[in-house]
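Worksheet: one structure, shown below.
The values are calculated or read from the model by the stated rules, or taken from the named source; none is laboratory data. Source: prediction; values computed, not measured. Cβ placement follows ideal geometry from the backbone for every residue including glycine, while neighbour counts extend to all protein chains displayed. Heads up: the accessible areas ignore ligands, DNA and RNA and are worked out on the full protein's heavy atoms, side chains in. Shrake-Rupley method; radii C 1.70, N 1.55, O 1.52, S 1.80 Å.
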Amino acid sequence: MAEHLAADRGAVTVEAAIALCSLVAVFGLVLAGVAAVSDQLRCSDAAAEAARLAARGQGALAEQTARARAPDGATVEIREEGGIVAVTVRADSVGGLLPGVTVRGEAHAVPEPGAEVAGDAVP
């Protein structure tokens, strides 16, 4: 019996090491998911603020504000679609640590009368 137990020495250590590595990997994925949701919220917030500013005719300030609020490396697109200002902010999730995952926020606003949006004055 003692010989049988001696052959199993270290098995629990290996199992514990594998379990610990698995827990670290799962924890890392959970943190990446939380960071992706945070980036998504930042993109949505940046797009909403930029849409409000662009609707008031402050296009340059709108883009500057969106870039400041969005995650690093985000792209900002401000356009007019059928009399409505549309802003889209896109960024790689978690600074590119999750390949293939891109977060996006989009917002729309109605331009104020007399405001210039994309070079045209809105009547």
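If you take all other residues with their beta carbon under 10 Å from the beta carbon of Ala50, and give Lys and Arg +1 and Asp and Glu -1, the sum is -1. Quick one: compute the contact order of the chain, relative version, from alpha carbon pairs under 8 angstrom and 6+ residues apart, as a percent. Reported as a whole number, the value is 25 percent. Summed over qualifying helices (DSSP H, 4 residues or more, each -39500 (n - 2.57)) and divided by its residue number, the chain shows a 222 nm mean residue ellipticity of -17500 deg cm²/dmol.
How much of the accessible area of the chain, probe 1.4 Å, is carbon plus sulfur, in whole percent? Using a 1.4 Å probe with all protein chains present, the chain comes out at 61 percent carbon and sulfur. Between Ala115 and Val122, the built amide H atoms are under 5 Å apart, and every one of these is 5 or more places off in sequence or on another chain. Within the full protein context, the accessible area of Glu49 is estimated at about 40 Å² for a probe radius of 1.4 Å. So for the pair Glu15, Leu97, with labels modelled 7 Å out along Cα→Cβ, what separation do we get in nm? So the two model labels end up 3.2 nm from each other. For the range 3-99, the fraction of C-alpha pairs farther apart than 23 angstrom is 49 percent.
Once the Cα atoms are used to define both axes, helix 11-55 deviates from the longest principal axis of the chain by about 0 degrees. Assuming charge only on the beta carbon of Lys and Arg (+1) and of Asp and Glu (-1), the dipole of the chain about its Cα centre is about 140 debye to the nearest 20. Protection proxy ranking for 52-61, 30-39, using the average of other Cβ atoms within 10 Å per residue and placing the highest first: 52-61, 30-39.
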